[in-house]
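Structure first, commentary second.
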Amino acid sequence: MSRHTAAGLANLEVLDTTLRDLASSDPAIRVLTADSRISGRLGPFAREFPDRLVELGIAEQNLVGVAAGLASCGMKPFVISPACFLTARALEQIKVDVGYSGTAVRLVGISAGISYGALGASHHSIADYAALRAIPGIPVVAPADNCEAEAAIRLAAATDGPLYIRLGKRALACVHGPTSEPVAIEHATRLRTGDDIGIIATGETVGIALEAAEALALGGVEATVVSMPMVRPLDTATLFGVARRVGGLIVAEEHSVHGGLGEACAAALMTEGIPVRFRALGIPDEPIVNGPQLDVLAHYGIGPEQLAALARELLV
Amino acid sequence: MTTCDDEPAGVDLAVRAAEYRLDVIDLIRSAGGGHTAGSLSCLDILTVLYERVLRISPETLRHPERDRYVQSKGHAVEALYVVLAGAGLLDRALLGTYLRFGTNLVGHATGSVPGIEHSTGALGHGLSVGVGMAIAGRQNGLGYRVFVLLGDGELAEGSVWEAAMSAGHYRLGNLVAIVDRNRHQIAGSTAEIMNSEPLAEKFAAFGWTVHEIDGHDLVQIEHALSSAPTVPGRPTMVLADTVKGSGISYMEHDIRWHHRVPDDEEYALARRDVENRIAELRGRA
């Protein structure tokens, strides 16, 4: 297994440790689950703060509505449920009771994207960016590694408004390298710099993009790799800066090609009038192929070799 | 028809409820739209809530210990606007902006209007929000109660039953739900569109204490809402039998008035109904 897909911690485990740390100093923190404490690996939180975990059973609509009620009374609810159910089954509650009502509900979609792999399309969440980007007032964050996950959770706790955090279940290596500084999750980060090609990635595709860049470097192609955890609002300053500098730009995301980061970047670039050779990779408009997460992503062009090949093709 | 005891205070409240009916119709006519009959069916309940039950005032609209009211049947917002204005919680001048461009006073309850706790309009949401408010109240050690008004057509939404289950599970004695059981919805009677009965048995089975009352009897409404919970540690369900279009003779039981706007002739008839009712109440006092 290569370096950036090598086992570190799953972001879910960061979720539990960070929430316990926050809860130890903030009595308003609440964790709400829909029988998802096991899949969310929240056992330690449940044991340490049994009175602050509100279990709603397998009922996502009620889960989000109850969270809105708690938030309106000063609580800081973190709603934790598989992204596929949370952002689809409870979408109207997210729209009305969270977005429209402006309640500070922290939505955490776990096992997101195609994390469940061969469990099939019922368990994939590849329309969550699209759905939530179209609801006013809800930032959308997809952390690439444990550092970004912790920063996103801390940002959510510190923000007096709604926020959606999307976490996968795969163990992730650190993409930010050894640093004592917290990651500034509100902004995109250039993880490496090169003038030939730019790869903008979000969530669990970032590590793959880094591997592609390493492969490209071996052949003399220098890539800029950007981790863009905020799918919304878009860090256009970083996007434009990279796009003006490179010979081609690729956006890679674990999401439908419709309504996600790729379309957001394309629209921003066109509006700004920045001409750049551009490709957006995601799950195309077809019934998704079944298989393990990394195999499926590679099938759709989001693998180290596939990304590197596309980059070379763009530069011809 | 609104009924009350014959004590002056009861008569005054009934007169006010009658006057509110005309206010609702004035509001709906002012903009040429609104949910007419469904606002009238819950008007007596709202009048009692805001005049006799809820611990809330213009000074305590944001106080942590205030009682909460969530109107899950958000389409009957015209009744809520009128009652909020009558209670001094909403600037009456804002009623002139109802349904106008740029207004906050839209056709469903929205939290951006002073005095409205939470935005509703999509049915089946309010009880969950109320459950959250009730859990927060208990965990924060605050003594407020949470009231949620639902329509009976709304009970076909599955999310209502998710919320009902969780209220029973958490034994939320500080939660009071009221069903405006007017037995009608847009396309027909609830019995023919989707029968939700027997509601008393269903909510009891979900762990609620259930009271069935005449939803136009102000004394019964006040008693049911003020005494809750009669069984500590259980949420309270008040099934209020009401008449859609209540108080305006030709609207009662007629589903065409779900969101029809009275013309001038119909308005004159409505005014006559209300004036007759007030004269009758005053004569009795």
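The values are calculated or read from the model by the stated rules, or taken from the named source; none is laboratory data. What you see is a predicted model; the values in this text were computed from it and never measured. Here the Cβ is made from the backbone with ideal geometry for all residues, glycine too, and neighbour counts use every protein chain on show.
Residues of region A:264-282 that are closer than 18 Å to A:A209 by Cβ and out of contact with any helix residue (DSSP H, G or I) (no Cβ under 8 Å at 6 or more places or on another chain): A:A266 alone. When B:A122 is tested against (1) within 14 Å of another protein chain (Cβ to nearest Cβ); (2) assigned to a loop (DSSP other than H, G, I, E, B); (3) in contact (Cβ under 8 Å) with a residue 60 or more places away in the chain, just one condition goes unmet, and that condition is (3). Checked against the criterion of being closer than 23 Å to A:A171 by Cβ and either in contact (Cβ under 8 Å) with a residue 40 or more places away in the chain or among the charged types (D, E, K, R) (or both), the candidates A:R41, A:R30, A:R52, A:R106 yield just one match: A:R41.
Scanning region A:187-209 for residues that are aliphatic (A, V, I, L, M), closer than 21 Å to A:R166 by Cα and in contact with a Gly (Cβ under 7 Å, 6 or more places away or on another chain) yields a single hit, A:I208.
This table checks each residue for (1) surrounded by fewer than 23 Cβ atoms within 10 Å (Cβ to Cβ); (2) hydroxyl-bearing (S, T, Y); (3) assigned by TED's automatic domain parsing to the domain that holds A:R232; (4) over 15 Å from the mean Cα position of the chain (by Cα).
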site: A:S122; (1), (2), (3), (4): yes, yes, no, yes
site: A:S125; (1), (2), (3), (4): no, yes, no, no
site: A:A130; (1), (2), (3), (4): yes, no, no, no
site: A:G137; (1), (2), (3), (4): yes, no, no, yes
site: A:P143; (1), (2), (3), (4): no, no, no, no
site: A:I153; (1), (2), (3), (4): no, no, no, no
site: A:D160; (1), (2), (3), (4): yes, no, no, yes
site: A:I165; (1), (2), (3), (4): no, no, no, no
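Residues of region B:252-267 that are over 18 Å from the mean Cα position of the chain (by Cα) and crowded, with 19+ Cβ neighbours inside 10 Å: B:P262 alone. The lone criterion from (1) surrounded by 19 or more Cβ atoms within 10 Å (Cβ to Cβ); (2) farther than 30 Å from B:R92 by Cβ; (3) more than 8 Å from chain A (Cβ to nearest Cβ) left unmet by B:G141 is number (1). Inspection of region B:173-187 identifies at least one residue that is within 12 Å of chain A (Cβ to nearest Cβ), buried (at least 17 other Cβ atoms within 10 Å of the Cβ) and touching a Pro at 6+ places or on another chain (Cβ under 8 Å). Out of the residues in region A:17-67 that are within 21 Å of the chain's Cα centre (by Cα), of a type in the set (A, V, I, L, M) and part of a strand (DSSP E or B), state the one that is nearest to the other protein chains (Cβ to nearest Cβ). Per the criteria, the residue is A:L32.
Within the option set B:L27, B:L54, being in contact with a strand residue (DSSP E or B) (Cβ under 7 Å, 6 or more places away or on another chain), surrounded by 19 or more Cβ atoms within 10 Å (Cβ to Cβ) and not small (G, A, S) holds for one residue only, B:L54. Out of region B:223-238, which residues are surrounded by fewer than 20 Cβ atoms within 10 Å (Cβ to Cβ) and in contact with a helix residue (DSSP H, G or I) (Cβ under 8 Å, 6 or more places away or on another chain)? Selection gives B:S226 alone.
What do you reckon, is B:L94 away from chain A (no Cβ under 14 Å), touching a residue at least 12 places away in the same chain (Cβ under 8 Å), part of a loop (DSSP other than H, G, I, E, B) and surrounded by fewer than 20 Cβ atoms within 10 Å (Cβ to Cβ)? Criteria not met by B:L94. Among all residues of region A:160-176, there is none that is out of contact with any Pro (no Cβ under 8 Å at 6 or more places or on another chain) and among the hydroxyl-bearing types (S, T, Y).
One residue alone among B:L89, B:L149 is away from every other protein chain (no Cβ under 14 Å), surrounded by 21 or more Cβ atoms within 10 Å (Cβ to Cβ) and either touching a residue at least 12 places away in the same chain (Cβ under 8 Å) or closer than 27 Å to B:L40 by Cβ (or both), and that residue is B:L149.
Given the options A:A67, A:A23, name the one that is crowded, with 20+ Cβ neighbours inside 10 Å, at pLDDT 95 or above, small (G, A, S) and farther than 21 Å from A:A149 by Cα. Don't jump to the end; show me each part of the working.
Numbers: A:A23 fails: farther than 21 Å from A:A149 by Cα.
The conditions single out A:A67.
With respect to A:L70, is the statement that it is under 25 Å from A:H176 (Cα atoms) and assigned to a helix (DSSP H, G or I) true? Against the criterion (under 25 Å from A:H176 (Cα atoms) and assigned to a helix (DSSP H, G or I)), A:L70 does not qualify. Are any of the residues in region A:82-93 more than 9 Å from chain B (Cβ to nearest Cβ) and farther than 30 Å from A:V296 by Cβ? There is no residue in region A:82-93 that is more than 9 Å from chain B (Cβ to nearest Cβ) and farther than 30 Å from A:V296 by Cβ.
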